[in-house]
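Okay, so here's the structure we're looking at.
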Amino acid sequence: MPVGGRVSGLRARLGLGRRDALDGVVIVAGVIFAVAALPSLLSPYWVVNATIAFIYALVALGLGVLAGRVGLISLGQGAVLALGGWVGARLLFATSLPYPIAIIVAGLITMVMGTLIGLPALRVSGLYLALVTLMLAGAINVVLTDTNFPNGGKGFLGYNDISTGTPPSIRRPSIAASDPAFLRYTVIVVLVMFVLVLLHIRGKPGRAWAAIRQSEPAALAAGVNVTVYKMWAFALASFVTGVAGALLGSSSHVLYNYQFPTSQSIILFAVALMGGIYTMWGAVVAAFLFQIVPSLFTVWGISNDWATILFGVGALQVLTTAPAGIAHQFPRDMAKLGRLLFGLARRVAPAGGRAP
Amino acid sequence: MPSWSSFQPFIPIGLAAGGAYALSGVGMVVLYRATGVLNLAFGAIGAMGALIAWSMINTWHVPGGVAYVACILFGGVLTLVYGMIFGRVLAARDPLVKAAATLGLALLLLGVMNRLWPAQVTRTLTLPSDNGGFAVGQANVDWTQVIAVGFGIAMTAGTALFLRVTKLGTAMRALADDREITATLGVPVRRVEAAAWFGSGLLAGAAGLLLADLDTLASDALTFLVIFTVSAALIARLRSLVVTFIAAIVIGLVDNLITPINSITNFRDMTPFVLAIVALLFFAGRRQYSFARGGIR
Amino acid sequence: MIEINDLTVRFGGVIPLDAMTVTFESGTCGLIGPNGAGKTTFFNVLSGFVRPSAGSVRAFGDNLLTMPHFRRARWGLRRTFQTEQAIEELSVFENVAMIHEHSRRSRASRRSDVLGAIEFVGLGVGPETKVGTLAVRERRLVEVARAVVGKPRLVLLDEPAAGLPDAETEHLGEVIRRIPGEIDALVILVDHDMDLVSACCGVTAVLDFGVVIAAGPTADVLRDPNVMRAYLGTEETV
């Protein structure tokens, strides 16, 4: 078989197309930039914010897989993030597991809990599922208010009710203790998670999910075990979000319950919608909206309430007009703009007498 | 386990809260049946109306009565405007999208409220009916609580009667049953929907006013009280007004009667969520593959 | 061979299938009847979406009704729906491969099996084409490809020619005729196009109000006065 045939065969087997090659180049370039140059270019304030933005990109990714790929709306991912933070902090304080192992274990434990949160998906769907997950998130939030987040204390909850002095920090990897170094570390971890999700989407689970989203009876008739695949989606989303939670703990040094209000689950959903739940780029846009926009507002002296207003309006706009979100719409708009400009250019300087 | 006398004071509080939830719940159910929209922004709408009333009384020194009417009217008008714009645009989409849109509205209103009425200031709304009341056993009942329950009963019965007896009400029931057929029967669908939006908005405004007095006038808290209303509506399977009322009363009672029980009082905030989860998983209907109209979708 | 005995389905007061009894031996078998006769309900029972209140279905010696629905595909059941269910955002290859990967066939044979199925139905487009960009005719062929991949035993075709013009229906008929021989599966074809049914099916059963009112060689069945009465709805004197 000629080389071209073999390469395209490999590409077909991996489920990659020509546009993916372009995406791949952009991603690799972006990651190299983010790891090598970004931390030194940003001020300390922005280094921290960028780290948190990347972390929330993982949360948005999980939400996107559930909503965009399988059609399961979960408004409880904010609580899963909090759970991930709790488990991560507990492990990092109580054990001396190497950091990567610790966050993976945190992710796995959160995965189990998150799958339980997803169980209602087997019984209800659509609106009711969204409401159930929101309510579960609210309930979990109340429990966390009571238990607090681990701060190196004793007992199962690992919480010391000390009101004076600085609480101990949730540890970071030894090779990435400083903020800029931790940003680099976070980018790598986020990249690994994205690849994990991509492999799922391009593989057997992704096809099964697409079938379930289109029509559950047809998926069943095709032999897809809908129950298993729905739970798998929740498991994947929760694992990724759990890892994000663990990273968030290290990033913020200490975790408090007020960092995870129930309203955040709603805002996460709104920005995920705005960014676009059908593509992985959408998760990146969503994270940017969620973290960077409010931070910009703070720097510019604009009240955070305007961000809330923006997200409300954005959600309304997306739901009414552009259901695929900004990440989907933007390239199309750019392409349209490109064609328009090209058309104008040809009209201004006609080539060889060809009509535009 | 606390004694009966320690529970007593919380009974009228629970009943009154339940009455207010029922008001909002009736509106929510009627609106859902007529338009397919589960309006999760009703809490925010009521909250904003209450805050406007507060400003009218405290900043512009408008007489109380005018302010209260304004609050209720605001609820109706804002809901109607939303319905005429977004309700219409999203009319053909499924209930999830319609409800998600109301979440967007809720976020928007939350932001606006926190801008216009900064949260650092504590505000209270005191209805004149707060003064005066009577005692029943260990419990003190004030007139606002009586109004809340009474209004809840009146609106439930009145709305049920309205739907059954009047032309507009019958049209709403027809709409709830089958929108397309109703339109072909010559019923002015748009006008009937507008009436449903406006009416349910009025009820949300009234509920907001009562809850602002009974509970708190904080935008965040009031907005999220809608969860109680949603629970009651879901227990009624978004169908029966009477069940909505009963469920709302029960929810209000359960939520408040937990307060004196020390072992679980820390988890009192969980009540609305737990009740909603129970409602959703056990009451909200079974899943079915629908095979209507040839084909599977 | 598939034997259906006394199959009854009740939805409240409605009885879509009333003691349906018929045996399909092999080849392509037609199942016709007026609208509402119960044909799609029958397919839904076979697929496992509807639980019958009585009766049995034995296919190739196995009791189909005791299997959970998603396992039936693994067993070898394939089905098309009245509205095409090919997944728009996936390519033709992925759509067909999906059926294959949930069947009993091995991973090694996947590529050749899938391409074989696509070629079998005569779909002229590249396998990497996204189904969402295809026309109705091509989508139906993708559906049929999904129904024949992975060594199926029983293929249910629910109005595959609905909405197609004559030329395409003929092509579809040719494909369907080849299935029993080349794929070695029993085909049950439900359709309203009598030409298609005559051309493809050696035997045909007729359902009316959930009851089998005729079964046998297709030509005889189509001439049966009872069948014509069922379709045209003349007064029945009992």
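The values are calculated or read from the model by the stated rules, or taken from the named source; none is laboratory data. No experiment lies behind these values; they were computed from the predicted model shown. In this analysis, Cβ positions are derived from the backbone assuming ideal geometry, glycine residues included, and neighbour counts consider all displayed protein chains.
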Any helices (runs of 4 or more DSSP H) falling wholly within region B:1-63 and containing at least 1 residues that are surrounded by 22 or more Cβ atoms within 10 Å (Cβ to Cβ): B:10-35, B:42-58
Residue C:109 being out of contact with any Pro (no Cβ under 6 Å at 6 or more places or on another chain), more than 15 Å from residue A:217 (Cα to Cα), more than 8 Å from every other protein chain (Cβ to nearest Cβ) and polar (S, T, N, Q): yes
Checklist (1) of a type in the set (S, T, N, Q); (2) closer than 27 Å to residue B:57 by Cα; (3) free of Cβ contacts under 8 Å to residues at least 40 places away in the same chain applied to residue B:200, failing item: (3)
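Yes/no per residue for (1) surrounded by fewer than 16 Cβ atoms within 10 Å (Cβ to Cβ); (2) under 16 Å from the mean Cα position of the chain (by Cα); (3) modelled with pLDDT of 90 or more:
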site: C:48; (1), (2), (3): no, yes, no
site: C:57; (1), (2), (3): no, yes, yes
site: C:61; (1), (2), (3): yes, no, no
site: C:84; (1), (2), (3): no, yes, no
site: C:90; (1), (2), (3): no, no, no
site: C:93; (1), (2), (3): no, no, yes
site: C:102; (1), (2), (3): no, no, no
Residue check, residue A:142 farther than 22 Å from residue A:250 by Cβ, buried (at least 17 other Cβ atoms within 10 Å of the Cβ) and at pLDDT below 85: no
Subset tally (residues that are touching a Phe, Trp or Tyr at 6+ places or on another chain (Cβ under 7 Å) and either among the acidic types (Asp, Glu) or assigned to a loop (DSSP other than H, G, I, E, B) (or both)) for region C:148-162: 2
Test: residue in region A:62-69 that is surrounded by fewer than 24 Cβ atoms within 10 Å (Cβ to Cβ) and either at pLDDT 90 or above or on the phi > 0 side of the Ramachandran plot (or both): no
Number of positions in region B:107-119 that are within 7 Å of chain A (Cβ to nearest Cβ) and either in contact (Cβ under 8 Å) with a residue 24 or more places away in the chain or β-branched (Val, Ile, Thr) (or both): 3
Residue within region A:84-106 that is outside any helix (DSSP H, G or I), surrounded by fewer than 18 Cβ atoms within 10 Å (Cβ to Cβ) and among the β-branched types (Val, Ile, Thr) present: yes
Conditions (1) more than 11 Å from every other protein chain (Cβ to nearest Cβ); (2) at negative phi; (3) under 21 Å from the mean Cα position of the chain (by Cα); (4) part of a loop (DSSP other than H, G, I, E, B): number failed by residue C:124: (3)
Tally, over region A:174-197, of residues that are surrounded by 17 or more Cβ atoms within 10 Å (Cβ to Cβ) and not charged (D, E, K, R): 13
Index of the failed condition, residue A:219 passing every other in (1) within 14 Å of chain C (Cβ to nearest Cβ); (2) not in a helix (DSSP H, G or I): (2)
Matching residues, region B:84-95, being within 19 Å of the chain's Cα centre (by Cα) and facing chain A (nearest Cβ under 7 Å): B:95
Qualifying residues in region C:137-165 (those that are in contact (Cβ under 8 Å) with a residue 40 or more places away in the chain and charged (D, E, K, R)) - the one surrounded by the most Cβ atoms within 10 Å (Cβ to Cβ): C:146
Residues located in region B:238-284, provided they are within 8 Å of chain A (Cβ to nearest Cβ), at pLDDT below 80 and touching a Lys or Arg at 6+ places or on another chain (Cβ under 8 Å): B:284
Residue check, residue A:227 assigned to a helix (DSSP H, G or I), within 14 Å of chain C (Cβ to nearest Cβ) and not hydrophobic (A, V, I, L, M, F, W, C): yes
Members of region A:116-152 that are in contact (Cβ under 8 Å) with a residue 60 or more places away in the chain and either of a type in the set (Phe, Trp, Tyr) or not in a helix (DSSP H, G or I) (or both): A:148, A:149, A:150, A:151
From B:148, B:176, B:154, residue being in a helix (DSSP H, G or I) and modelled with pLDDT under 85: B:176
Residue ranges of helices (runs of 4 or more DSSP H) in region A:262-322 with at least 1 members more than 19 Å from residue A:62 (Cβ to Cβ), in contact (Cβ under 8 Å) with a residue 60 or more places away in the chain and more than 8 Å from every other protein chain (Cβ to nearest Cβ): A:293-300
Any hit, region A:204-213, residues being under 11 Å from the mean Cα position of the chain (by Cα) and either over 24 Å from residue A:27 (Cβ atoms) or part of a helix (DSSP H, G or I) (or both): no
In region B:220-234, the residues that are of a type outside the set (S, T, N, Q) and under 19 Å from residue B:16 (Cα atoms): B:221, B:222, B:224, B:225, B:226, B:227, B:228, B:230, B:232, B:233
Failed condition for residue C:70, given (1) in the same structural domain as residue C:44 (by TED's automatic domain parsing); (2) assigned to a loop (DSSP other than H, G, I, E, B): (2)
